[in-house]
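Participant: Quick one: the structure is below, questions incoming.
The values are calculated or read from the model by the stated rules, or taken from the named source; none is laboratory data. Just so you know, these numbers come straight off a predicted model, no measurement behind them. Don't worry about glycine lacking a Cβ; one is built from the backbone with ideal geometry, like all the others, and counts go over all protein chains shown. Surface areas here come from the heavy atoms of the whole protein model, side chains and all, with no ligands, DNA or RNA. Shrake-Rupley method; radii C 1.70, N 1.55, O 1.52, S 1.80 Å.
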Amino acid sequence: MSLWLLAVLLGMLGSEAARDQDEVKFLPGLQKQPSFRQFSGYLNVADGKHLHYWLVQSQGDPASDPVVLWLNGGPGCSSLDGLLTEHGPFLVQDDGVSLEYNPYSWNKIANVLYLESPAGVGFSYSDDRNYITNDTEVSMNNYLALKEFFRLFPEFQKNELFLTGESYAGIYIPTLAERVMEDASLNLQGIAVGNGMSSYEMNDNSLVFFAYYHGLLGSRLWAELQASCCKDGKCNFYNNPDPNCTGSLAEVQRIIYSSGLNLYNLYAPCPGGVRHRVSSDGGQLLIRDLGNSFIKHQGAELWNQKLRGLASLYKQVRLDPPCTNSTPSSLYLNNPYVKAALHISPQALNWTICSAEVNLNYGRLYMDVRKQYLKLLGALKYRVLVYNGDVDMACNFLGDEWFVESLHQQVEVKRRPWVYSDADGQQVGGFVKEFNNIAFLTVKGSGHMVPTDKPVAAYAMFSRFIKRQPY
């Protein structure tokens with residue numbers, strides 16, 4: 001046997017041994033353990049960073065089903081929220097102890113890899129405890145994490161690969177895809193982004209229209225906005241220097257962010273009420289109802305200045321998205337038996353849904369991702385889906401629809417309703433418009449977290465995307 005072949009075999013055996021140590025043999029909270037295999041551990045990337053992953057293998061045929069990477073956004077929020085409250089195989093219950101199987105889990109048809117990124121998010125950590133990062137560094141580390149994943153799981157190397165995520169993953173996913181598409185060893189087939197941040201300008205501009213046409217602003221304020229922010233039929237609600245426009249926009253922001261509306265689902269209640277509070281508890285800073293602190297908007301810097309000063313006092317800072325109850329997930333994931341089952345490093349921080357330390361020290365380098373989408377679409381071989389719950393205000397459907405339209409791709413199927421089946425029969429899922437290699441799709445009545453609000457519709461959409469079926 002040649003020395004080269006011997007080295008390859010030893011390397012494979014080493015990878016299998018490391019991977020086998022990550023297998024989750026018993027997961028607390030389940031009445032019955034799953035029939036599929038699952039793994040939880042760390043993918044080591046640059047500069048002593050260790051990104052926590054949780055792989056749930058397909059309930060179908062793991063050997064041939066696609067590998068789907070899932071990233072939640074923030075920046076600074078954990079992808080385990082996607083696993084435990086959106087489309088994972090088990091959903092955490094209100095008691096924070098038990099799990100129930102999800103009949104609409106995305107791992108019914110795919111091997112789903114949930115990655116907590118960047119370091120400092122969830123159970124991911126850095127040896128030097130430095131959690132200052134930016135879009136470029138994150139895309140590189142996510143790429144390195146993928147490479148490390150396939151080194152540990154070489155049996156998935158040839159499987160189709162899809163990159164998916166929501167919210168600030170609207171930046172994470174296309175910037176990662178730009179790297180992955182250059183690597184012939186990765187079998188990239190497409191990307192899907194839900195309620196994503198695609199363009200700050202389009203998101204901010206469209207939100208004012210969204211708010212008015214959903215009955216939030218009233219005719220007086222709308223007339224003032226038209227008079228001070230619009231000219232020759234074009235409105236600038238993004239960076240308009242007119243003081244009258246700025247004054248009217250401040251009133252819009254107060255209504256959207258501070259009046260008690262659920263930012264992530266306009267028609268849903270706000271768990272825990274709408275009282276603003278900033279309080280410290282047990283060495284953690286708990287921040288609730290701060291408005292949309294995950295995307296750029298006027299006024300956010302005031303909160304950021306306050307929080308940076310507070311964050312410096314604590315080793316760990318917790319940032320709860322407004323109107324979001326993360327207590328069950330936090331209780332479950334910080335249970336010592338659960339952490340042991342998931343092989344969580346003792347160097348990891350306690351799990352929180354979002355890290356303010358990461359969020360407030362994050363460098364947002366991309367104001368839009370048109371270049372990345374055009375590069376993907378120019379290759380003429382990747383399938384792209386942009387989908388939005390249509391009652392989300394954080395990353396609203398209208399801004400993402402404008403963004404997809406701005407790519408100027410050839411229309412293949414005009415905007416039309418799409419349907420799915422549930423217990424009551426055929427239902428309208430929303431609307432879809434299909435272009436050459438990219439589709440824009442809305443999910444009717446859903447907010448920011450589409451699989452949470454509309455699990456049946458979300459599964460139908462995901463299945464059609466993965467299987468290349470018509471929407």
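Participant: Restricting attention to region 413-435, does a residue exist that is modelled with pLDDT of 95 or more, assigned to a loop (DSSP other than H, G, I, E, B) and either small (Gly, Ala, Ser) or under 21 Å from Leu380 (Cβ atoms) (or both)?
Facilitator: Within region 413-435, not a single residue is modelled with pLDDT of 95 or more, assigned to a loop (DSSP other than H, G, I, E, B) and either small (Gly, Ala, Ser) or under 21 Å from Leu380 (Cβ atoms) (or both).
Participant: Count, please, the residues in region 378-393 that happen to be over 19 Å from the mean Cα position of the chain (by Cα) and among the basic types (Lys, Arg).
Facilitator: Residues flagged as over 19 Å from the mean Cα position of the chain (by Cα) and among the basic types (Lys, Arg) within region 378-393 amount to 1.
Participant: Next question. Counting just the residues of region 157-194 that are outside any helix (DSSP H, G or I) and of a type in the set (Asp, Glu), which one comes out nearest to Thr85 (Cα to Cα)?
Facilitator: Checking each candidate, the answer is Glu166.
Participant: While we're on this one: Which residues, counting only those in region 195-244, are touching a residue at least 40 places away in the same chain (Cβ under 8 Å), in a loop (DSSP other than H, G, I, E, B) and hydroxyl-bearing (Ser, Thr, Tyr)? Give the derivation first.
Facilitator: Narrowing region 195-244 to residues touching a residue at least 40 places away in the same chain (Cβ under 8 Å): 195-211, 214, 216.
From what's left, in a loop (DSSP other than H, G, I, E, B): 195-198, 214, 216.
Answer for region 195-244, where residues must be touching a residue at least 40 places away in the same chain (Cβ under 8 Å), in a loop (DSSP other than H, G, I, E, B) and hydroxyl-bearing (Ser, Thr, Tyr): just Ser198.
Participant: Sticking with this structure for a sec: For region 402-435, how many residues meet the condition of being farther than 21 Å from Ala460 by Cβ and surrounded by 13 or more Cβ atoms within 10 Å (Cβ to Cβ)?
Facilitator: Of the residues in region 402-435, 6 are farther than 21 Å from Ala460 by Cβ and surrounded by 13 or more Cβ atoms within 10 Å (Cβ to Cβ).
Participant: Quickly run through region 171-182 and pick out the residues that are in contact (Cβ under 8 Å) with a residue 12 or more places away in the chain and out of contact with any Phe, Trp or Tyr (no Cβ under 9 Å at 6 or more places or on another chain).
Facilitator: Of everything in region 171-182, those that are in contact (Cβ under 8 Å) with a residue 12 or more places away in the chain and out of contact with any Phe, Trp or Tyr (no Cβ under 9 Å at 6 or more places or on another chain) turn out to be Tyr172, Ile173, Glu178.
Participant: For region 99-116, which positions are part of a loop (DSSP other than H, G, I, E, B) and either under 14 Å from Pro34 (Cα atoms) or within 17 Å of the chain's Cα centre (by Cα) (or both)?
Facilitator: Asn102, Pro103, Ser105, Glu116
So that you can scan it fast, the table gives a plain yes or no per residue for (1) in a strand (DSSP E or B); (2) aliphatic (A, V, I, L, M); (3) open to solvent by 10 Å² or more (accessible area, probe 1.4 Å):
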site	(1), (2), (3)
Glu16	no, no, yes
Leu27	no, yes, no
Leu30	no, yes, yes
Gln33	no, no, yes
Leu55	yes, yes, no
Ser58	no, no, no
Asp65	no, no, yes
Gly73	no, no, no
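Participant: Over 13 Å from Lys433 (Cα atoms) and part of a helix (DSSP H, G or I) - does that describe any residue in region 377-394? Let's see the steps before the verdict.
Facilitator: Within region 377-394, the subset over 13 Å from Lys433 (Cα atoms) is 377-383, 389-394.
From the residues that got through so far, the ones that are part of a helix (DSSP H, G or I) too are 377-378.
The answer is yes; a qualifying residue exists.
Participant: Report yes if some residue within region 75-82 is part of a strand (DSSP E or B), farther than 25 Å from Met449 by Cβ, at pLDDT 95 or above and under 25 Å from the mean Cα position of the chain (by Cα); otherwise report no. Walk me through it before giving the result.
Facilitator: Kept after step one, since they are part of a strand (DSSP E or B), are these residues of region 75-82: 77.
After this cut, where a residue has to be farther than 25 Å from Met449 by Cβ as well, the list is none.
Checking region 75-82: not a single residue is part of a strand (DSSP E or B), farther than 25 Å from Met449 by Cβ, at pLDDT 95 or above and under 25 Å from the mean Cα position of the chain (by Cα).
Participant: Would you call Ile191 surrounded by 21 or more Cβ atoms within 10 Å (Cβ to Cβ) and over 20 Å from Trp54 (Cβ atoms)?
Facilitator: It is true that Ile191 is surrounded by 21 or more Cβ atoms within 10 Å (Cβ to Cβ) and over 20 Å from Trp54 (Cβ atoms).
Participant: Residues of region 444-471 being crowded, with 22+ Cβ neighbours inside 10 Å, out of contact with any Lys or Arg (no Cβ under 6 Å at 6 or more places or on another chain) and part of a loop (DSSP other than H, G, I, E, B), which ones?
Facilitator: Passing the criteria: Gly447, His448, Met449, Lys454.
Participant: Could you list, ordered by first residue, the pairs with Cβ atoms under 7 Å in which the first is in region 340-360 and over 21 Å from Gly96 (Cα atoms) and the second is in a helix (DSSP H, G or I) and modelled with pLDDT under 95, at least 6 apart or interchain?
Facilitator: From region 340-360, the pairs are Ala356/Leu307; Ala356/Ala311; Glu357/Ala311; Leu360/Asn304; Leu360/Leu307; Leu360/Arg308; Leu360/Ala311.
Participant: Right, next: Quick one: in region 35-53, which of the residues that are of a type in the set (Gly, Ala, Ser) and surrounded by 14 or more Cβ atoms within 10 Å (Cβ to Cβ) is farthest from Leu113 (Cα to Cα)?
Facilitator: Gly41
Participant: Could you list, in sequence order, all residues of region 75-111 that are within 20 Å of Val338 (Cβ to Cβ), open to solvent by 10 Å² or more (accessible area, probe 1.4 Å) and among the charged types (D, E, K, R)?
Facilitator: Asp81, Asp94, Asp95, Glu100 - these are the residues of region 75-111 that are within 20 Å of Val338 (Cβ to Cβ), open to solvent by 10 Å² or more (accessible area, probe 1.4 Å) and among the charged types (D, E, K, R).
Participant: Moving to a separate point now. Could you give me the residue pairs with C-beta distances under 6 Å whose first residue belongs to region 426-454 and is without any contact (Cβ under 8 Å) to a residue 24 or more places away in the chain, whose second residue is open to solvent by 40 Å² or more (accessible area, probe 1.4 Å) and of a type in the set (A, V, I, L, M) wherever it lies, and which are 6+ apart or on separate chains?
Facilitator: Sorted first by the residue in region 426-454, then by its partner, the pairs are Gln426/Val419; Val428/Val419.
Participant: Here is a further query. I'm trying to understand the selection: among the residues of region 350-374, which are touching an Asp or Glu at 6+ places or on another chain (Cβ under 6 Å) and either open to solvent by less than 20 Å² (accessible area, probe 1.4 Å) or over 30 Å from Arg129 (Cβ atoms) (or both)?
Facilitator: Ile353, Gln372 - these are the residues of region 350-374 that are touching an Asp or Glu at 6+ places or on another chain (Cβ under 6 Å) and either open to solvent by less than 20 Å² (accessible area, probe 1.4 Å) or over 30 Å from Arg129 (Cβ atoms) (or both).
Participant: Continuing with the same structure: Of the residues in region 224-251, how many are open to solvent by 60 Å² or more (accessible area, probe 1.4 Å) and more than 16 Å from Trp402 (Cβ to Cβ)?
Facilitator: Number satisfying all stated conditions: 9.
Participant: Can you list residue pairs whose Cβ atoms sit under 8 Å apart, with the first residue in region 129-147 being without any contact (Cβ under 8 Å) to a residue 60 or more places away in the chain and the second being open to solvent by 60 Å² or more (accessible area, probe 1.4 Å) and part of a helix (DSSP H, G or I)? Count only pairs 6 or more apart in sequence or on different chains.
Facilitator: Between residues of region 129-147 that are without any contact (Cβ under 8 Å) to a residue 60 or more places away in the chain and residues that are open to solvent by 60 Å² or more (accessible area, probe 1.4 Å) and part of a helix (DSSP H, G or I), the close pairs are Ser139/Arg179; Tyr143/Arg179.
Participant: Taking the stated definitions as given, is Pro328 more than 24 Å from Ser199 (Cα to Cα) and open to solvent by 60 Å² or more (accessible area, probe 1.4 Å)? Show your work before the answer.
Facilitator: Working: more than 24 Å from Ser199 (Cα to Cα): yes; open to solvent by 60 Å² or more (accessible area, probe 1.4 Å): no.
It is false that Pro328 is more than 24 Å from Ser199 (Cα to Cα) and open to solvent by 60 Å² or more (accessible area, probe 1.4 Å).
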